Structure formats: C-alpha cells, structure tokens
1. Restricting the range 253-291 to residues that are touching an Asp or Glu at 6+ places or on another chain (Cβ under 8 Å) and among the hydrophobic types (A, V, I, L, M, F, W, C), which is surrounded by the fewest Cβ atoms within 10 Å (Cβ to Cβ)?
2. Only strands (runs of 3 or more DSSP E) wholly contained in the range 243-288 count here; list those with 1 or more residues that are touching a helix residue (DSSP H, G or I) at 6+ places or on another chain (Cβ under 8 Å) and under 20 Å from PRO43 (Cα atoms).
3. With more than 22 Å from ASP221 (Cα to Cα), surrounded by 15 or more Cβ atoms within 10 Å (Cβ to Cβ), touching a helix residue (DSSP H, G or I) at 6+ places or on another chain (Cβ under 8 Å) and in the same structural domain as LEU276 (by TED's automatic domain parsing) as the only criterion, which of GLY36, GLY60, GLY87 stands out?
4. Out of (1) modelled with pLDDT of 95 or more; (2) surrounded by 15 or more Cβ atoms within 10 Å (Cβ to Cβ), the odd one out for ASP51 is which?
5. How many of the residues in the range 84-99 are assigned to a helix (DSSP H, G or I) and either within 22 Å of the chain's Cα centre (by Cα) or without any contact (Cβ under 8 Å) to a residue 24 or more places away in the chain (or both)?
6. Enumerate the pairs (first residue in the range 111-135 and closer than 19 Å to ARG206 by Cβ; second residue anywhere and among the aromatic types (Phe, Trp, Tyr) and at pLDDT below 70) with beta-carbon separation below 8 Å, excluding pairs fewer than 6 apart on the same chain, so at least 6 apart or on different chains.
7. What about ASP298, is it buried (at least 19 other Cβ atoms within 10 Å of the Cβ) and acidic (Asp, Glu)?
Amino acid sequence: MLYLEKFVLPDEDREAKIANIRRAENGGALGYLESGYPCMLFPQRGLSELDFEPITIFYGGNGSGKSTLLNVIAEKFCLKRLAPHNGGELFLPYVRECAFRLGYDDEGEPLTVPNESRIISSDDVFEYMLAARTRNEEIAENTEQAKEEYAALKFGETVRFSGMEDYDAVRMQLLARQKNLSRRKFMHRVIGKQVRLRSNGETALRFFENALKDNALYCLDEPENSLSPKLQLQMKELLEEKVRYGGCQLIVATHSPFILSCRGAKIYDLDSDPVLPKKWWELENTRAYFEFFERNRDLFLKKK
C-alpha cells in the first residue's frame, strides 16, 4: 500500500524565510536564533523531494538527518507517538512549509493516512521494557500480601454487609470464594499479571509484532536496536510481511544490513552528497561488512 507517494521539503529560499521570521519574532533586526535545526540539512545536499515505495529506508550515519526526516513526516501527519518530539524553535514552522502527495487505491480513489498510523523509536521499546520490569517488580512485592489476603477472605469470617462502605470487602470475599477461581487467578485479578519478558532482543521483537497493526503507515526509527543478527533477520521478515499481506507502508531509518535488504525497498543514502537512492549492496557500511567477511572467507569455509 502506498499511502504517501511524495514529500516535498522547503528549499533554501523558504528555509531562509522561516529563519528570518523567527529572528524577527525574537527581536527584530537584531533577532537571534537559538538553533537553525532542521534547516540547512537537506537542500544543500540536493534533497528536495522524497518519492516513496511501500518500504522506504533512510540510511546514514549519526547526524545525517534520517531521524529528522522521520520526525518531520510524523509531525506533518500528526502520527501517534509515545514520547513527544521537541525539535527546537524552527521545527514546527519547517514542518508547516513541507508539502506532500498521497496515493490512490486500486479503484483510483485518493487515500488518507490511517488513524492507526504511528512513529516508533528505539526509545519507545526501551521505555516499554523498563515499564514492564517496573510493573513486574511491583507485582512481586505485593504477592505475599495478596496470598495472606486471599487466605483471610476465603477461609476467614464472612464479611457482613451493613452499607456501601462494606461493598469492596464483600466483593473481594465473593471473588475469593468462587469455586472456579484459583488463588493464582485471584491474585492476577487483584494485583495483575506479570508481563512475560524474554531477552531484550526477543522482547523488542515481540513489541513490534504487537505494535504493528494492519493497514497503517509506520515511521520506524532504528528498529534493529537490541536485536541480534538472527533477530534482525526476523524483523526483516516481519516488515516484509506487513507490507505484502498487511496493507502497511513503512518508512524506516536504519543501519542494519539485514533491514536494508528488505525486498523492494527504496533506500536514500543520506551519507552521499548529493543524496541519492542506492541499492543496499552499494552502501558504504554494507560493503564494509562484505569486505570484512570476504577477507576471512577461508575461516568460514574450513571443514570442522
């Protein structure tokens, strides 16, 4: 699915106007800018328009602008996000100057960006794992107390209902004395159920499996973080399946050679000047991997 076909960035003249308006707001002719970001990142490297495929990848080193592009697109379409993004004083004026063209469905009707669309960063995954661990620790701390409460409610004296102030206590005792409710299920009802956590990588992959719904546009910022090479290959397969069978469009910022090799992906090399689309095997970092393994080919081909 191609919800977004084209995205147009402000050119140098419009960037200058954005900055001058802000300077005037900051003090007239003697106005200042705290930061020019995100201006002067893209037009100066020949990047004014982005044409999209079902999977489009922004590749480049730190500071190349790949995460900036994701956040600009996400802000333009008001995509859902877990953590707010603060891009500085020119970020929102910059976003307002961006333009776009949406795609069409099979019957030629214009598409809209689905409400379920969202941006997901690696920080979101880490926050999820941290929150889950904190919740599990809280549940573990309350377990012994809950066991004692269960025994007292199930086998202790019957609570008398004299008024609404007794309602909660009576309700809890009725719950504990249900014949088909074990102590374990009672505790899950009362203090909650622990989230099953695996390794960081496995938990991160499960996070994406649950977060990526069908028929939506997703901006994914370095989804390979915390993933081993084996799990990165599984992530690649997940992304390809979401596009092929789930009606999703993906815009991804990544370093991972595995995710860069997603079938049919269009890759913008933000390390090149001018910025150009490239094949994944043409990129500097993936060629570095290739050359390293090529130099050590005999080690992999040795018979055990």
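The values are calculated or read from the model by the stated rules, or taken from the named source; none is laboratory data. Keep in mind it's a predicted model, so treat the numbers as computed, not measured. Here the Cβ is made from the backbone with ideal geometry for all residues, glycine too, and neighbour counts use every protein chain on show.
1. LEU276
2. 249-253, 266-269
3. GLY36
4. (2)
5. The first filter runs over the range 84-99 and keeps only residues assigned to a helix (DSSP H, G or I), leaving 91-97.
With either within 22 Å of the chain's Cα centre (by Cα) or without any contact (Cβ under 8 Å) to a residue 24 or more places away in the chain (or both) added as a condition, the list becomes 91-92, 95-96.
Of the residues in the range 84-99, 4 are assigned to a helix (DSSP H, G or I) and either within 22 Å of the chain's Cα centre (by Cα) or without any contact (Cβ under 8 Å) to a residue 24 or more places away in the chain (or both).
6. none
7. On the way: buried (at least 19 other Cβ atoms within 10 Å of the Cβ): no; acidic (Asp, Glu): yes.
Criteria not met by ASP298.
This table checks each residue for (1) modelled with pLDDT under 60; (2) of a type in the set (Phe, Trp, Tyr); (3) surrounded by fewer than 17 Cβ atoms within 10 Å (Cβ to Cβ).
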residue: LEU79; (1), (2), (3): no, no, no
residue: ASN115; (1), (2), (3): no, no, yes
residue: TYR128; (1), (2), (3): no, yes, no
residue: LYS154; (1), (2), (3): yes, no, yes
